[in-house]
Each structure stands twice: as C-alpha cells, then as structure tokens.
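All remarks here apply to the structure that follows.
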Amino acid sequence: MQGRKVLLGVTGSIAVFKAAGWVSALAKEEAQVTVMMTEAATRFVTPLTFGALSGHQVSTDMFSTDAEEMMAHISLSGDAEVVLIAPATAQTIAQLAQGMADNLLTAAVLASAAPVVVCPAMNSKMLAHPATQRNLATLKELGYRIVEPENGPLACGEVGSGRLAEWETVRETLLGLFADQDLAGQHILITAGPTREPLDPARYLSNRSSGKMGYALARTAQRRGAEVVLISGPTSLPAPPGVTMVPVQTAAEMAEAVQEHAPGAQIIIKAAAVADFRAKEVASFKIKKKGADLRLDLVPNQDILASLGKERRQDQVLVGFAAESNNHEAEGRRKLEAKQVDLIVVNDILGQQTGFDVDTNQVTLITQEGAEQLALLSKEETANKIWDKVIALSKGKGK
Ligand code: PMT
C-alpha cells in the first residue's frame, strides 16, 4: 500500500465510522489517502475527523471558492490510483449508476480514470430492493468493483445482509488492483499448515506449522490474478478472501484432497508440514496412564509430493518446501531430485525469524539451474519472490 494514492468517497451511512478506521489503517501503511464526503456523511462524522486521520484536507463542496478546493472534483480525481466509495448508500449507488454529477463525490467519480471500488452499506430491505439491485448491476456493467456487504446485525436492529464489508476484504481488493496480474488465468493449488494424526479421542501428533507461509502464498497469488485452491490443515488464520478453501485434518485427508484438485492445477505448491508418520493403531478410548513408559507404533504416511512428482504432467509446475535444520542446500537438492519437482524452497526451522509460526522467512530457491538465497523477508514478500520464480519456470515450459 505504501505510497498508493487512494481517493475515498464517504457517504451518509452509519457505517461512516468504520471508514474512519480504514483511513487510519491505510495511513499506517503509508498510503496517500484523500477523503471527500457527501453532505449527508458529515451528519455522522465531521470532516475534521477524516482530515486528522488522513493528514489531508477533506473536500465536501464542489462549489467551494477556497483556492485549495476550486474544481476539487477534477483535482481530486487527477492522480488517484483507485476511487473507493465506502460506505456507499443506496442513494449514491443510484446516482453513480445514472452517471449523475450533482455533488463533489459523484462528479469526481465521473472525472476519474482510476478503477472504482464500491462498498454498499444499508438496511437489508433497501439492499434487496429491485431498484438497488438494478443499480448495482449497472455499476458492475460499468466495470466498477462491488465489495459485497456482509450478513449480521445492522444499525437498525435487524439482522441480515447490508453490513459494510470487513476492511481485510476491501484491502485485498485494493491490493489486487495494484498488483500486476501476471498470474491471471493460472489455476494454482497450495497446501498449508500442519496435519493432525490422531492417537486416541483426546490426543494427536502434529507440528508447529501455523499456515502463515502457505496462506501468504495463497493471498499473493490471488492478488496477482490466479484462481487459488488452498488445502489447509488446522490453523487459526482467517481464510484469504477470494480463495477456495479445503480444510483437512490428517495427512491421509490432505492426500485425498490433493489427488482431487491436482489434475486441474497448472501450478502446485506444497507448503504444508505433512506428518511423515501416523499411529499404527488409533485407540478407541483415551489411553490411560499406567505408570510405565508408553510406546507408540508409528507407520509412514504417503509422501504426497513424491506421488505428485511421479504422476505429474510436464506442463505443470511442481514446487515443494524443505523444512531443514542442517545441510539445508544439500537436503534441498536431494529432495528436488528425489521428488522430481521443479523448485524446492528450503527454509531453516531452527532460525528465530525463519520457518515455523513467524511472520518472516529466509529461503533458498533450488532448481536444476542452481540455488538462489533470498534475504530475510516477510512471508508475503517471500511468497511474491517465489511466484516470480514460478512464473520464470512456467515460461521455461513454454506456457
Ligand atoms: O506454516 P508456517 O508456520 O508458516 O511454517 C512454514 C513451514 C516451515 C511449514 C514451511 O515453510 C515449510 O517448510 N513447509 C514444508 C514442511 C515440510 O513438511 O517439509 P519436509 O522437508 O518435511 O517435506 C518436504 C516436502 O514434502 C514439503 O513440500 C511437504 O509438503 C511435502 N510432504 C512431506 C511429507 C509428506 N508425507 N507429504 C508431503 O507432501
């Protein structure tokens, strides 16, 4: 978001207060936010609030003679990279659908060449009304992006659709607009998180994977235009917006889900920490402490990546991860060959800022051509670098 120029149009819905939080979030990410408000919006929250949060003067009047604000609808829309209308009332949606320009906000939208993102917020009956639905359909025909309202309790006390979308969802829409769509049209399958191998009704074997690396891969691929299926072991992470989620628990369930979705994928990345072993026998009742040592007989799980390597299509790009504690590059190269994959992403699981359950990673990308060590980056930046490498490999396959 850093440096991105966002023109936020705020209209007269009680959800205006949430838009104030969005301005604060954008400012924290060092985006350049300029706010314009309809007169109705100023009834809910003053321009002073948005001015203080955005650090820029707020425009409300198209006919202002103040030198700074003259022809505001033209100057405001000039260098905006996106026009975000949030919350968007039924009235403003209707005006935008008709191409009206009788206030600063609607005039600025017509004067802007930037993409327009509309976030409706209103009572559910108003939203469901055929006139509103027709206006929203018109906006979609005009190429405006609608971030659908959520279900839940509304200001009027009812419960239903009409709540302003969550900021995380809108943020993903904006990031998708800013990203190069260089994964557009690609069907990508990603696995993430740990698996849980049951021992008895109360216990299981698992590992320290949080899912952050795999979810970062899914979010960044989706922003860059890919159709993403994310097969995920149990994590506490929210599902990335716009991604098809397939939740699994055990390695066997993950293997089955991968088997189902792999044929349709042009790119497969296995970031999940799949348990290599499971209990030979899962106890039907909770294993009782008997004082003596407890021995567990474990049997190997299917190596899903190795199976993919055996059955792979040559037009597919297959990427594995290697969670290593030593001999990183040698182990990574061994896995590249043994599992017949195009790229192995090696990460050190002993590092304080790398591997399991941290927001950063430092990986080495190993291909047939050689090894490339990346710097210590956020898992999102690491994911973007991995996608850059995958795109280069795809081109090598003449795709
Ligand atoms: O989820 P985070 O907290 O963000 O942590 C990220 C991570 C450390 C889990 C991730 O970066 C990572 O290294 N994932 C791979 C973990 C792992 O299982 O590595 P491995 O070296 O044991 O397995 C090698 C490859 O084979 C992996 O692609 C793995 O998905 C795959 N595998 C392993 C075992 C198995 N039975 N089937 C598999 O497909």
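The values are calculated or read from the model by the stated rules, or taken from the named source; none is laboratory data. Because the structure is a prediction, the values reported are computed rather than measured. Cβ atoms come from the backbone with ideal geometry, glycine included; neighbour counts cover every protein chain shown.
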Wholly inside the stretch 97-195, helices (runs of 4 or more DSSP H) that include 2 or more residues that are over 30 Å from ILE267 (Cβ atoms) are 104-111, 124-128, 130-141
Tally, over the stretch 226-246, of residues that are more than 16 Å from the ligand (Cβ to nearest atom) and modelled with pLDDT of 95 or more = 4
Inspect the stretch 202-219 for any residue being more than 15 Å from the ligand (Cβ to nearest atom), more than 23 Å from VAL345 (Cα to Cα), free of Cβ contacts under 8 Å to residues at least 60 places away in the same chain and surrounded by 15 or more Cβ atoms within 10 Å (Cβ to Cβ) and give the result as yes or no.
-> yes
Within the stretch 179-200, how many residues turn out to be loosely packed, with under 15 Cβ neighbours inside 10 Å and under 26 Å from ASP357 (Cβ atoms)?
-> 0
Among LYS310, LYS286, which is the only one that is outside the structural domain of LEU237 (by TED's automatic domain parsing), over 25 Å from the mean Cα position of the chain (by Cα) and at negative phi?
-> LYS286
Given (1) of a type outside the set (Phe, Trp, Tyr); (2) in a strand (DSSP E or B); (3) near the ligand (Cβ under 8 Å from one of its atoms); (4) more than 26 Å from the chain's Cα centre (by Cα), GLN302 misses just (2)
What number of residues within the stretch 353-398 are among the acidic types (Asp, Glu), within 13 Å of the ligand (Cβ to nearest atom) and in a helix (DSSP H, G or I)?
-> 1
For the stretch 234-280, please list each of the strands (runs of 3 or more DSSP E) lying entirely inside it that holds at least 3 residues being surrounded by fewer than 17 Cβ atoms within 10 Å (Cβ to Cβ).
-> 244-247
When the stretch 311-339 is examined, which residues are found to be more than 18 Å from GLN373 (Cβ to Cβ), away from the ligand (no atom under 12 Å from the Cβ) and surrounded by fewer than 16 Cβ atoms within 10 Å (Cβ to Cβ)?
-> GLU311, ARG313, GLN314, ASP315, GLU337
Among GLY332, GLY351, which is the only one that is in contact with a strand residue (DSSP E or B) (Cβ under 9 Å, 6 or more places away or on another chain) and without any contact (Cβ under 8 Å) to a residue 12 or more places away in the chain?
-> GLY351
Would you mind telling me which numbered condition in (1) under 29 Å from PHE285 (Cβ atoms); (2) outside the structural domain of THR244 (by TED's automatic domain parsing); (3) not basic (Lys, Arg) LEU205 fails?
-> (2)
